[in-house]
Structures are given as C-alpha cells and as structure tokens.
Amino acid sequence: MTALAALTGHYLRVSFGNKFSLVFSALQPFLYLVLFGPLFQRSGVGSWAVLVPGLLVQLGLTSAGMAGFTIVFDQRFGVLERLRVTPVSRVTLLLGRVLRDSVVLLVQAATIIVAGYALGLRAPIAGVLGALLLITVLSVGLASLSYTAALTIRQELFAPVMSTLVVPLMLLSGALLPMSLAPAWLDVVSRLTPFRYAVEGLRALFAGSYTSPALVWGVVVSLAFAVLGVTLGTKRFQRENA
Amino acid sequence: MIHARGLTKTFGPVEAVRGIDLDVSPGEIVGFLGPNGAGKTTTLRMLTTLLRPTSGAATVAGADLFADPAAVRRRIGYVAQGGAFAPFSAVGEELVLQARLYGLSGEQARERVTTLLAELDLPGVEERTTVTMSGGQKRRLDIAMGLLHRPELLFLDEPTTGLDPQSRANLWDHVRRLRERDGLTVFLTTHYLEEADALCDRVLIIDHGRIVAAGTPDELKSEHGARTLDDVFLAVTGRELREGAAA
Ligand SMILES: Nc1ncnc2c1ncn2[C@@H]1O[C@H](COP(=O)(O)OP(=O)(O)O)[C@@H](O)[C@H]1O
Ligand SMILES: [Mg+2]
C-alpha cells in the first residue's frame, strides 16, 4: 500500500510538473469541443450533452491510451529494470502508473466538462459525477493496455501504431456522431469495440437516465475492460521474472 | 551467499548461458570476467530475479530464486550495466522513490539518500539530473541506488566500463570500503582484467556461456604459469579478451 502510494505520488509529481504534456494529451478533444461542438450543436443531431460524453472517451484514448509512451523511456534508461528488482509486487508497479493516469484523466475530463458548461452544456450533477467515475474505470483498462502494448511491440513503433489506432477506435465508438446514424455494417463493427458501450453509458448519465440498459452495458463493459487490462498488464510486468 | 547449479538461459536459438555452477561466500568480492556476449549480464539478471532461467537452481542471499524471489529482491542490490536513471528527472526524487519501495518512510528515505550520497562523494546532487554529471559520478549514483536498502549482496554489472582510469580507481576504493565497513558481498562483472586482479578475492572466467576458469587471481596465474590475468584468459580461451571486448 505504501509502495503504491509512493509510486503514484511520484508519478503525479512528474506529470503535474510537465504542464505541456498535461495540456497536449487533452488537446484533441478540447479542439473538438470548441471548433466542432458549435457545429454539432446546430446540426440537429444532438445537444452538448450528446457530444461531451463522446469527447470524454476520445480523451480517454488520447490521454490514458497513450500512457505507455512514458514507459518506453523508463525501459530504455533502465528505470523499469531498477523498479523490477525491488520486492514490490508487479501489479503494484503497474497500478502506480495507472492510478496516475486515472487522476490525470480525471482532471482533464473535469476541465472539458467545465468548458462544455461554458459553451452551453446542461447535465445533472449526479450524472456528471457518475460519468467521471465511469471514465476513470475505462482509463484503468486503457492505460494498462497501453503499457502492455508499449512493453510488447518494438519501442520505436509504439507512438506511430498507437496514434494511428486511436483514430478508428474513436470513430467506431460513435464519440463524434451517434452510431444510431450509422449503416448496419458500421453499427455492427462499432459494437465490437468496448468504447461504443462506454460512450453510450456516458450519454445516458449526462441525460440523467440512470436506469437505462445503455448505462448498464457501459458499466459492465468498462469494468470488464479494466479487469482485462490489469490482468494482461500484470502478466506483461511479470514476464521473464524468476 | 550465492549458490547456483546448472543455470542455463536460451533466447530462441541463442544459448546465452550454458550451465553455470557458482558459489560466493559472505564478504567476498568476486569478479565475473569475460568478453562481450559471454553471458555475464544474462547470468546476473537471472541471479537478481529479473530473468527466468531456462533451467537450473540457485539460492541467493539465503533465499531460493524460484520459491521466494521477493526475499531475494529484499536482500540484494543490483546495479545494471546501463544505469538506472532517466536523464530528465532529478536524481534525489528517483532515489527517494526507490528507497520507499523498499519500505522506508518518506523521512527515512530522504535521510538515507542524503547520507549515502555524501558517502559516495556526491553531496547535494539531489536536485540535479544525470545530464550534467560525469561518467564516474553517474556510476556512483547507480551504486547509491543499489545500496539504499542496505543489501547483504551487491551485483555490479560493468561498473567501470567507459570510465577514465582515475574514476575507475576511485570506484574500486568505494567498493573496497563498503566491503570492509559493512561486510558487503560483491559480485561484479568487468572486462578490465588488471582491475579484477587488484580488487577481487576470486575471479570466474566465463566464455560462450560457460565458466572456463575459477580461483583466486594468484591461483589462476600460477596454475597457468601466467604473469597476468590477461595471460590466463589467453591460456584458457585461446583468445585475447580485448578482441571480444570491442565495446
Ligand atoms: N534479451 C535477449 N534476447 C536475445 N538474446 C539475448 C538477450 N540478452 C542477451 N542475449 C544474447 O545472449 C548472449 C549473452 O549476452 P550477455 O549476457 O549480455 O553478455 P555479456 O554481458 O557477457 O556481454 C549474447 O549473444 C546476447 O546477444
Ligand atoms: Mg553485459
């Protein structure tokens, strides 16, 4: 427990010391909010309460989803090896980073929601708090898988592969336009990605429909995704251990 | 302190380590010598729980490598060949974090870091990054990282490679002092044979993943009628060490 707190605290100090990356990893969804939001709002497709949840998932992908980038350097400079030679459990080594990524995401998400309010978003406070909780769960899975990928694929491939992967995943989630508009084939493909369920769950929360099946699915899929991510991530941190 | 039997490691088709037996007693400084690619780092990474042996068994610092790797980790320090610091973070923060991972409180950790840095002639470098440090300073910093939790056994992988002769001598002095003062057992790799001769109680020569000679430097020299460990190396492998030690 103290090891986890020490790790998370350390990583948080590093992250919040680097304001540039804090802003940069939230820049895309923020730009969509400001430069695309007003169009979306007038398109008749939906209100801010439909767009902002989508942007939160986009943020998850660009922020927590790219978290693995930091471990590439730790691996290259021997920092990871030095952490692995301590008695700290491998799952703690992973979670120390992941919790940092969740906190960072939470701060970024709150900023986007506040900016959304300034632009005209109206959503019940309980729904917004629930959404922050759900996006945190999602970020655990995203960050864990991001680290797993960073430690598995060739170092120099991580950034290009991940930043390319983020685009289809984001489009398929229906983050920018609801998948109810999609042709059948696209709808089917979209249902094969976990982020579709997260987006719809978040929209249900922003709409205040706390008992809708979409929310149940969003929670179930996000939880399963987090469990899967942490399991794979821990396995990857353990690999090659005696 | 270390007892290993039949350790092997294969990476796909590469047999990096081909059956190593070794015993290190408490308080010894043992040198593990061999050319690049001989299997030194691979052996160290197995003994430090970082790499799972393909076969074999070992107890390290009194704990079984397979049954209780966490106990091994608590009792050993490991200084990797490539260092342990990223160039962009303040070294004090990194050292304190590492100490806390061994269970020290924040305050204990900061105290320990301050003392240790002073002992290694690096007082007050906490706020600096390694970018501004010399090779010798960086290596001492790596050693500080390995000593935070007062291990009984310290593994050093090529601690002096790339250093100028003066920094190398300085580093050896530190290692000697740690052994004398704390009874630290040291297992180190190097390909500077004259240094191993001067510093180590015992040396093991490894070539192509196998130990080809072992003993005190004097034993080895008299056994092979050699004047230096370089000549011993030539006698047991038929090659000059330097040829294989390009890096
Ligand atoms: N992770 C790895 N994957 C594949 N081959 C490796 C790996 N690590 C080391 N090797 C190979 O194992 C052999 C021994 O390497 P190493 O233990 O690093 O030697 P040394 O430290 O004595 O220079 C070399 O042939 C090296 O290329
Ligand atoms: Mg090596």
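The values are calculated or read from the model by the stated rules, or taken from the named source; none is laboratory data. This one's a predicted model, so the numbers in the text were calculated from it and none came from an experiment. Ideal geometry is used to build each Cβ from the backbone, glycine not excepted, and the neighbour counts take in all protein chains shown. These area figures cover heavy atoms from the full protein model, side chains too; ligands, DNA and RNA do not enter into them. Shrake-Rupley method; radii C 1.70, N 1.55, O 1.52, S 1.80 Å.
Among bridges DSSP assigns within chain B, what percent are antiparallel (round to 5)? Among the beta bridges of chain B, antiparallel pairing accounts for roughly 55 percent. Measuring nothing but how far apart in sequence close Cα pairs (under 8 Å, 6+ apart) lie, relative to its length, chain B scores a relative contact order of 26 percent. Taking label points 7 Å from Cα along the Cα-to-Cβ direction, A:Thr2 and A:Gln155 give a separation of 3.3 nm.
Taking a sphere under 15 Å around the Cβ of B:Ala214 and counting the other residues whose Cβ falls inside, with K and R at +1 and D and E at -1, yields a net charge of -4.
What average number of partner chain Cβ atoms lie no more than 10 Å from the Cβ of the residues making up B:73-86?
That average works out to 4.
Trypsin sites (Lys or Arg not before Pro), restricted to segment B:160-229: which are DSSP loop and have at most 16 other Cβ atoms within 10 Å?
Working: sites: B:Arg168, B:Arg176, B:Arg177, B:Arg179, B:Arg181, B:Arg202, B:Arg210, B:Lys221, B:Arg227; in loops: B:Arg227.
For trypsin sites (Lys or Arg not before Pro) across segment B:160-229 that sit outside H, G, I, E and B with at most 16 neighbouring Cβ atoms in 10 Å, the list reads B:Arg227.
For the chain pair A and B, buried accessible area totals roughly 2400 Å², probe 1.4 Å, rounded to the nearest 100. A:His10 sits with roughly 10 Å² accessible to a 1.4 Å probe, with DNA, RNA and ligands left out of the calculation.
Accessible area, 1.4 Å probe, largest first: how do A:Asp187, B:Asp64 sort?
Working: A:Asp187 35, B:Asp64 60 Å².
Per-residue accessible area, sorted high to low, gives B:Asp64, A:Asp187.
What per residue convex hull volume, in Å³, comes out for the protein assembly as shown when only alpha-carbon positions are used?
In the protein assembly as shown, the Cα convex hull volume per residue is 157 Å³.
Could you tell me what percent of the accessible area of segment A:1-113 is made up of carbon and sulfur, with a 1.4 Å probe and every protein chain present?
Working: 3170 of 4380 Å².
After summing per-atom areas, the C and S share lands at 72 percent.
The mean sequence separation of alpha-carbon pairs under 8 Å and at least six residues apart, normalised by the residue count of chain A, gives a relative contact order of 28 percent.
Classified by the C-alpha gyration tensor, segment A:96-242 has a prolate form. Its axis ratio a/c, with a ≥ b ≥ c, is 1.5 or above, and a/b is larger than b/c. Dipole check for segment A:2-238: with +1 at the C-beta of Lys and Arg, -1 at the C-beta of Asp and Glu, and the Cα centre as origin, the magnitude is about 340 Debye. Packing, as the average of other Cβ atoms within 10 Å across residues, places the peptides A:223-235, B:125-137 in the order A:223-235, B:125-137, highest first.
Counted over the protein assembly as shown, the DSSP beta bridges are approximately 55% antiparallel. The accessible-area ordering, largest first, of the residues A:Tyr117, A:Tyr210, A:Tyr11 stands as A:Tyr210, A:Tyr117, A:Tyr11, per a 1.4 angstrom probe. When the trypsin sites (Lys or Arg not before Pro) in segment A:77-170 are filtered for DSSP coil states and for at most 10 other beta-carbon atoms within 10 Å of their beta-carbon, the remaining sites are A:Arg122, A:Arg154. Spacing of the modelled spin labels on A:Leu31 and A:Arg191, each 7 Å from Cα toward Cβ, amounts to 3.4 nm. Per-residue ellipticity at 222 nm from helix content only, as computed over chain A with -39500 (n - 2.57) for each DSSP H run of at least four residues, stands at -25000 deg cm²/dmol.
In segment A:1-36, what residues drop by 50 Å² or more in accessible surface going from the chain by itself to the full protein assembly, probe 1.4 Å? Hits at the 50 Å² cut-off: A:Ala6, A:His10. With respect to chain A, whose longest principal axis is taken over its alpha-carbon atoms, helix A:194-207 is tilted by about 50°. Across B:Ala70, B:Ala38, B:Ala99, mean-square fluctuation computed from a Gaussian network of chain B (C-alpha pairs under 10 Å connected) peaks at B:Ala70.
Projecting the Cα positions of B:Thr59, A:Leu165, A:Val188 onto the charge dipole of the protein assembly as shown (unit charges on Cβ atoms of Lys, Arg, Asp and Glu, taken about the Cα centre) puts A:Val188 furthest along the positive direction. Between A:Ser146, B:Met1, B:Gly136, the Cα set farthest toward the positive side of the dipole of the protein assembly as shown (charges on each charged residue's Cβ, about the Cα centre) is that of A:Ser146.
Convex hull volume of the Cα atoms of segment B:178-217, normalised per residue: 77 Å³. A loss of 10 Å² or more of accessible area (1.4 Å probe, protein heavy atoms, ligands and nucleic acids excluded) relative to the isolated chain is seen in these residues of segment A:210-242: A:Glu240, A:Asn241, A:Ala242.
Of the whole protein surface, A:Val220 contributes about 80 Å² of accessible area at a 1.4 Å probe radius.
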